[in-house]
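Just below is one structure, and these are the notes that go with it.
The values are calculated or read from the model by the stated rules, or taken from the named source; none is laboratory data. Everything numeric in this text was worked out from a predicted model, so none of it was measured. Every residue, glycine among them, receives a Cβ derived from its backbone with ideal geometry; neighbour counts consider all protein chains shown.
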Amino acid sequence: MAVLSDNDGVVYDTVDDALAALEHAHSRRLVHRDIKPENLLVGPDGRVKVTDFGLALALPRGRLFGGATSRSGTPQFAAPEQLVGGQVDFRTDFYSLGAVAYFALLGRPPFEGRTVDAIARGHIQRAGLAKRIKTKPGDLRVDALGKRYDLVLISAICHMLGPQENRDLFRRAFQALAPGGRIAVRDFILNPAKTGPRGAALFSLNMLVGTANGASYSQREYTAWLREAGFTDVNRIRLADPGSQLMLGTRPAR
């Protein structure tokens, strides 16, 4: 175990000031999503200011989590849910600030590596799951996904892609499944008029600003794309969290 020391209290004071700034941002339902050393500026008086809210996500009122966009943050300081494109909340910033404190004390981030894949493997190994979870580096927009899987889960991905990109992704997912395998798509799902639920509609606006082609989509659109890719038994499972709706489909056994 590494022995940490902070004899003059500089790291403690830096983290304390950063926590106060994050408390202010979180009270306004903003998740920073990119806390790292470069975004903590120390003034002449020693006070810390948190800067660069370019990746910040505003959580809709009444919701504890925010849907993910593309993988956000700086890999060496990003929380695990950011590395895999999962949902974020205020704890995401606390994890990153903890990683910054670790870096300040030891001179290196807690998980070293220059790529998302390398850092994700570090998290997997630290959790003792290396025999159960394997990573496959690549570009989800163009690369083959593998072969003969029983299940392909596409979680919080479709909203950062355009319609044609999602069609292509579903086709590659179909090819990656064994006969009888299933696809599960987890994301926001809009009503037929694409005016609600409110959180999904607001998140679609966020994607308009933050991505090249992304948006929230309706059940009708997901159903059409899955059927075009060859899936049958396409259906929706309604969950309590509007950001965790599921669309399911099956690759025919023959």
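Results, tabulated for the structure shown:
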{"read-out": "Residue in the range 47-66 that is modelled with pLDDT under 80, of a type in the set (D, E, K, R), within 20 Å of residue 23 (Cα to Cα) and outside the structural domain of residue 173 (by TED's automatic domain parsing) present", "value": "yes"}
{"read-out": "Residues of the range 156-166 that turn out to be buried (at least 16 other Cβ atoms within 10 Å of the Cβ), in a helix (DSSP H, G or I) and of a type outside the set (Asp, Glu), as a count", "value": "4"}
{"read-out": "Any hit, the range 93-105, residues being outside the structural domain of residue 221 (by TED's automatic domain parsing), part of a loop (DSSP other than H, G, I, E, B), surrounded by fewer than 17 Cβ atoms within 10 Å (Cβ to Cβ) and out of contact with any strand residue (DSSP E or B) (no Cβ under 7 Å at 6 or more places or on another chain)", "value": "no"}
{"read-out": "Matching residues, the range 209-231, being surrounded by fewer than 13 Cβ atoms within 10 Å (Cβ to Cβ) and either free of Cβ contacts under 8 Å to residues at least 24 places away in the same chain or outside any helix (DSSP H, G or I) (or both)", "value": "209, 212"}
{"read-out": "Residue check for residue 179: more than 24 Å from the chain's Cα centre (by Cα), part of a loop (DSSP other than H, G, I, E, B) and either modelled with pLDDT of 95 or more or crowded, with 23+ Cβ neighbours inside 10 Å (or both)", "value": "no"}
{"read-out": "Residue that is modelled with the highest pLDDT [pool: residues in the range 198-254 that are in contact with a Pro (Cβ under 8 Å, 6 or more places away or on another chain), among the charged types (D, E, K, R) and over 30 Å from residue 148 (Cβ atoms)]", "value": "220"}
{"read-out": "Some residue of the range 186-202 being in a loop (DSSP other than H, G, I, E, B), touching a residue at least 24 places away in the same chain (Cβ under 8 Å), farther than 27 Å from residue 61 by Cα and in contact with a strand residue (DSSP E or B) (Cβ under 6 Å, 6 or more places away or on another chain)", "value": "no"}
{"read-out": "Selected residue (only one of 140, 169, 153, 239 is free of Cβ contacts under 8 Å to residues at least 40 places away in the same chain, closer than 22 Å to residue 81 by Cα and in a strand (DSSP E or B))", "value": "153"}
